[in-house]
Structures are given as C-alpha cells and as structure tokens.
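**Student:** Following this message is one structure expressed as structure tokens.
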Amino acid sequence: MDISLIIIIVFGFFIFLSSFFTVKQQSAVIIERFGKFLSVRNSGLQLKIPLIDRIAGRVNLKIQQLDVIIETKTKDNVFVKLKVSVQFMVVKETVYDAFYKLEYPHDQITSYVFDVVRAEVPKLKLDDVFERKDDIAVAVKRELNEAMTTYGYTIINTLVTDIDPDIQVKNAMNRINAADREKTVAEFEAEASRIRIVAKAKAEAESKRLQGQGIADQRREIARGLVESVDVLNKVGINSQEASALIVVTQHYDTLQAIGADANSNLILLPNSPQAGSDMLNNMVASFSASNQVGEMMKKNKRTKPKTTDHSLDYQTPQAPEQPETGV
C-alpha cells in the first residue's frame, strides 16, 4: 500500500473523529460556521462538520458566586469595608446573549455592586449599616437584575456577608459596649445590696420585736409567779410583808449561788450581810411609804390651794441606810 494513501486514511480518520464532540451537563457550547453563529448545543454527544464548523466557546450554566469587597464611608464619616456575595447564573434560553453581548461578566457585576453600595451606605450611620444590611443587599440585587437581564444573566441572590469598620472604631464600639455592660452589672449589684440591707433590717426588727415580746412574757410570768407565791404563803398564816421578805431573801441567795457556779462570771457588788435580805426589804418598804406620803401631801395642797401654780415641799424622802458591799 502506498504511504500517501495511508496518510490520507489516517488524516480522514482524525477528521471523522473531530466531527463528534461532547457537552457536559449544566453547560452549553456555541457552534460557529465560518465565524458566524450557527447554534447552541446542550449536554450530550453532538456532531459538527469538520473544517467548517468550530466550537466558539463553552458557557457555564451553573450558579456562580462572586465576592466583591467595597470600602466606603457612612453618614457619620466612618470608613467601612463591606463584602457582598453575588450569586448569579446564565439563563439557558439566553446563552447567545451571555456569550456575545458581555465579555467580562465578573467585571460588570463588580461595577454595579460598587455603584449601588456607594450610593446606599453614605445615607446611613454606622449602626444603621449593621441593622439594615438586608436593605443594602436587596438594593444591589434589584439594580443587578435590571442590568444583567439584558446580557442573559439572572441574579439569584445577593448577601452582605461582612461589615468591617476601621480598627479604631471597632475598639471604641467594644469599649462602649463593655462600659454599658459594667453599668448594668453595677445597677444589679446595687439592687442586690439594697435588698440584702432591707432584708437584714427587717430580720433585725423582727428579732428585736420577738425579744421584747419574750422579755415581756418573762416578766409577766415572774409577776404571776410572785403573786401566786404570796397567795400560798398567806394561806399558811404568813402576811404579805413577811412573804415579800422571804421571796427577796430567797432570790438574793439564788442569785449568789448562780454567780458562784459560773467560773467566768464578772465582778458584781452585792450586799452580803446576814440582814441583807431584811435591809433590802425595809428599803423597799420605806421607798413605797415615802412615795405614798408625797402623793398624799400633793393632793392635800391641791385641795387647799387650787389656784397656786408653784408648790414647794419640805418633805424629804428618807434615805435607806448604807450597807457594806462585798465583791462576789
């Protein structure tokens, strides 16, 4: 076989193979014939005329994302960087427009994002930028949809994914936030302290009230016991004065015994003579008598001199005799 024939056969075989090509899923192929648009081929095995038709390009039909970082100034003159993520795709029915009308779609989208963001953010203060970032994203999507639909693209979504103010501004915001939280903590601590003080005061007041009630009950019971003791002694032929003397003497020696039983008791001065109980009783009786005499004289003077406002009494209360004191 002639070598030239072999070459022709091999060349023809490669030309035949070049007539077939495949298109991947979610993509489209633009076919041109002599430089003129012929057709759009979708996924699968496709056929073209060798040396006449050629593949002009491939168009991705998947959803794509473009991240755009913009630095702009807010209404309160704070420079801030925003990161806007744009999700877009080529519409299957408009592959021709996407391929022939727009050569650099990423640059086009970036330009529109810059234009919209730098028109919207300067209208807002820094705090409002954080609160209304969704409004900014909606404005970007609306503007991009109006512009990119003409070129065969559709905008799926736009997201403001990051807002980054100047480092000094962030530090100031953090300090403000920390100071506000410290203020809240101080208010809660003060309120807690006030509640503790009020609760403690109420507890002390209740304690003192109960102590006073206990002392009153104790004294009432002691008085009732003394009355009962005097009544019992009167029934066995002992008059009230003798009964009072007996009770005083008994309490006197009970007190001495109680003090002596406690090793840690303090120094107390009490009369300690054989007639101490009697003397104490006599002093009490003398005091009661003197008080009664003073009262009778005041009543008498009042009856004899009703208009006199100044009364002078020559009566002096008898003084009880002094008793020797002993440290116990």
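The values are calculated or read from the model by the stated rules, or taken from the named source; none is laboratory data. These numbers were taken from a predicted model, which means no experiment stands behind them. Glycine gets a Cβ as well: all are built from the backbone with ideal geometry, and neighbour counts include every protein chain shown.
**Student:** For segment 28-43, which positions are of a type in the set (D, E, K, R) and either assigned to a loop (DSSP other than H, G, I, E, B) or surrounded by fewer than 16 Cβ atoms within 10 Å (Cβ to Cβ) (or both)?
**Tutor:** Matches in segment 28-43: Arg33, Lys36.
**Student:** If you go through segment 150-165 one residue at a time, do you hit one that is exposed (fewer than 10 other Cβ atoms within 10 Å of the Cβ) and either within 27 Å of the chain's Cα centre (by Cα) or among the hydrophobic types (A, V, I, L, M, F, W, C) (or both)?
**Tutor:** no
**Student:** Do the conditions hold for Phe99, that is, is it among the aromatic types (Phe, Trp, Tyr), outside the structural domain of Asn42 (by TED's automatic domain parsing), crowded, with 17+ Cβ neighbours inside 10 Å and out of contact with any helix residue (DSSP H, G or I) (no Cβ under 7 Å at 6 or more places or on another chain)?
**Tutor:** Numbers: among the aromatic types (Phe, Trp, Tyr): yes; outside the structural domain of Asn42 (by TED's automatic domain parsing): yes; crowded, with 17+ Cβ neighbours inside 10 Å: yes; out of contact with any helix residue (DSSP H, G or I) (no Cβ under 7 Å at 6 or more places or on another chain): yes.
The answer is yes for Phe99.
**Student:** Which number in (1) surrounded by fewer than 16 Cβ atoms within 10 Å (Cβ to Cβ); (2) modelled with pLDDT under 90; (3) assigned to a strand (DSSP E or B) marks the one condition that Gln46 misses?
**Tutor:** (1)
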